[in-house]
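The values are calculated or read from the model by the stated rules, or taken from the named source; none is laboratory data. Note that this is a predicted model, so its numbers are computed, not measured. Neighbour counts are summed over all protein chains in view; Cβ atoms, including those assigned to glycine, are modelled from backbone coordinates with ideal geometry. Just the protein is used for accessible areas: all its heavy atoms, side chains included, with ligands, DNA and RNA removed. Shrake-Rupley method; radii C 1.70, N 1.55, O 1.52, S 1.80 Å.
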Amino acid sequence: MEVGSRWMRRVGFRIQMGNHSLVSRSSSVTALTRPVLLPFLKPRYITLVSSQRRLLSTSSCSSAIHVVSVEGEDDSDICSGGVRERKEEPCGAKSKVLLKGMGYSELQDWVQSYGYRPGQALMLWKRLYGNNIWAQCIDELEGLNKDFKKLLREHAEFRVLSLKDILKAADGTRKILFTLDDGLVIETVIIPCDRGRTTVCVSSQVGCAMNCQFCYTGRMGLKRHLTAAEIVEQAVFARRLFSSNEVGSITNVVFMGMGEPLHNIENVIKAAEIMVHEQGLHFSPRKVTVSTSGLVPQLRRFLQESNCALAVSLNATTDEVRNWIMPINRKYNLALLLETLREELRFKQNYKVLFEYVMLSGVNDSIEDAKRLSDLVQGIPCKINLISFNPHSGSQFKPTPEKKMIEFRNVLIEGGCIVFLRLSRGDDRMAACGQLGKLGDIQAPLLRVPARFQTTLNAST
């Protein structure tokens, strides 16, 4: 455990990503050859390579991500998102653009730049996202102007994801594996519901930099952000593949797959805007939920700029426990996080934040924890999801028994809280909360366990 402690104190990093509306297939990308974690985690052994390479040409296309490493950097950049953006060079006339990487106004501007009227942009938008078409190629664009289709064939790309596999769990949950243009793999989950509501859980990053100790994805480190197009297409694929009687119409989107969504805030906000556009996928903003571990500046920005729902992964009632199981708390502690929510939600009408609380046996599931949680959320319009921990390889935690979860819930209800129990879905296919991803040769370390919990964890292993 001392290795994990020393590992925390060394090297920061900086990621720089091109965030632009028109993305050229010919753009170059700087590769991350090792997973990385946020600067406040200070990984010692990670090195990054910044040699340039070109994207492979495949049947789909992907935006270019530019990654720059600066060793020894302090962690001040995390206050502005942990990611520095730079402008991409304008696409040349012969460059191909990613259609799903553009918002509606950007698509309209692009269409008009070639001399076509705005109505053509609307027709294209509806065929990409609406009318039960969800087009993935030129041949599916019925009803468009012949010359306009020729323009799209020559200058536009439709797909950024390649379907790799679909795994079906015993409870009907599906895990979809997608391959990106650079060969990396992301996972998306479809969660059916008996009440006719089906949810798609999308990823926002390949891996994650947060190193939450109960999360399998966090053990991967961060490989790269997903582009807006790569995020949006997960929802498009889900509707295209599963909008049938088998799982029911997909009505909800949750950004709770791989990654910390607000660490990739530019692309997440843009993707969410595309998802809720009334002429396209037309998800209700209140049914598109973006989750965060607690990046306070980005959380504030999200609440100010987006009408979509927010979920905050809380998971502890003291800084001692949260510092351990969620290292982001060392940067933005409970008091700061909760006070920020109180301040920002004063300006939101009829809006409730969702607190997620993963219950870890002997760690955060005592009656005293329940009472503290009830006190902590006072003055914050909210609902609370109590989530059963989903074990995975290398995990040091155990799930709280269902009986104890119910007792915990009852204490919260007595305190005036709105509470829901969320039991595991898809865990037999590693599709449940906290189980997504695949570990590489280098993994984020397990952090030192506080002394008072060592006996509990040792007894459970």
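Let's see how each residue does on (1) surrounded by 14 or more Cβ atoms within 10 Å (Cβ to Cβ); (2) without any contact (Cβ under 8 Å) to a residue 40 or more places away in the chain; (3) part of a helix (DSSP H, G or I):
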position	(1), (2), (3)
ALA370	yes, no, yes
LEU386	yes, yes, no
MET405	yes, no, yes
GLN435	yes, no, no
GLN443	yes, no, no
GLN454	no, yes, yes
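Among the residues making up segment 283-297, those that are open to solvent by 20 Å² or more (accessible area, probe 1.4 Å) and more than 13 Å from TYR351 (Cα to Cα) are SER284, PRO297. Can you find a residue that is part of a strand (DSSP E or B), open to solvent by less than 60 Å² (accessible area, probe 1.4 Å) and either modelled with pLDDT of 95 or more or touching a strand residue (DSSP E or B) at 6+ places or on another chain (Cβ under 8 Å) (or both) anywhere in segment 98-107? There is at least one residue in segment 98-107 that is part of a strand (DSSP E or B), open to solvent by less than 60 Å² (accessible area, probe 1.4 Å) and either modelled with pLDDT of 95 or more or touching a strand residue (DSSP E or B) at 6+ places or on another chain (Cβ under 8 Å) (or both). Residue count for segment 264-297, restricted to those that are more than 24 Å from TYR104 (Cα to Cα) and either touching a residue at least 40 places away in the same chain (Cβ under 8 Å) or over 11 Å from the mean Cα position of the chain (by Cα) (or both): 6.
I'd like to know if segment 337-348 contains one or more residues that are closer than 15 Å to VAL419 by Cβ and crowded, with 19+ Cβ neighbours inside 10 Å. No, the conditions are met nowhere in segment 337-348. Apart from one condition, GLN396 fits all of (1) touching a strand residue (DSSP E or B) at 6+ places or on another chain (Cβ under 8 Å); (2) part of a loop (DSSP other than H, G, I, E, B); (3) open to solvent by less than 50 Å² (accessible area, probe 1.4 Å); the exception is (1).
The set of residues in segment 202-226 that are open to solvent by 10 Å² or more (accessible area, probe 1.4 Å) and under 22 Å from LYS270 (Cβ atoms) comprises CYS208, LYS223, ARG224.
Within segment 318-350, being assigned to a helix (DSSP H, G or I) and touching a strand residue (DSSP E or B) at 6+ places or on another chain (Cβ under 8 Å) holds for ILE325, LEU337, LEU341, LEU345.
Checking every residue in segment 178-188 against the condition of being surrounded by fewer than 16 Cβ atoms within 10 Å (Cβ to Cβ) and on the phi > 0 side of the Ramachandran plot gives at least one match. Across segment 250-269, the number of residues qualifying as open to solvent by less than 20 Å² (accessible area, probe 1.4 Å), within 16 Å of THR188 (Cβ to Cβ) and part of a loop (DSSP other than H, G, I, E, B) comes to 3.
Within segment 251-263, one or more residues are modelled with pLDDT under 95 and either in contact with a Cys (Cβ under 9 Å, 6 or more places away or on another chain) or closer than 24 Å to LYS175 by Cα (or both). Is it the case that segment 163-171 has a residue that's surrounded by 22 or more Cβ atoms within 10 Å (Cβ to Cβ) and more than 22 Å from the chain's Cα centre (by Cα)? Among the residues of segment 163-171, not one is surrounded by 22 or more Cβ atoms within 10 Å (Cβ to Cβ) and more than 22 Å from the chain's Cα centre (by Cα), which makes the answer no.
If you go through segment 227-244, how many residues are closer than 23 Å to HIS263 by Cβ and open to solvent by 20 Å² or more (accessible area, probe 1.4 Å)? Number of matching residues: 0. Restricting attention to segment 298-336 and to residues that are open to solvent by 10 Å² or more (accessible area, probe 1.4 Å), free of Cβ contacts under 8 Å to residues at least 24 places away in the same chain and not acidic (Asp, Glu), the residue that is farthest from MET258 (Cα to Cα) turns out to be ALA335. Output the number of residues of segment 409-433 satisfying the condition of being without any contact (Cβ under 8 Å) to a residue 24 or more places away in the chain and either at positive phi or open to solvent by less than 40 Å² (accessible area, probe 1.4 Å) (or both). So the count comes out to 0. Of the residues making up segment 392-408, those that are in contact with a helix residue (DSSP H, G or I) (Cβ under 8 Å, 6 or more places away or on another chain) and at negative phi number 6.
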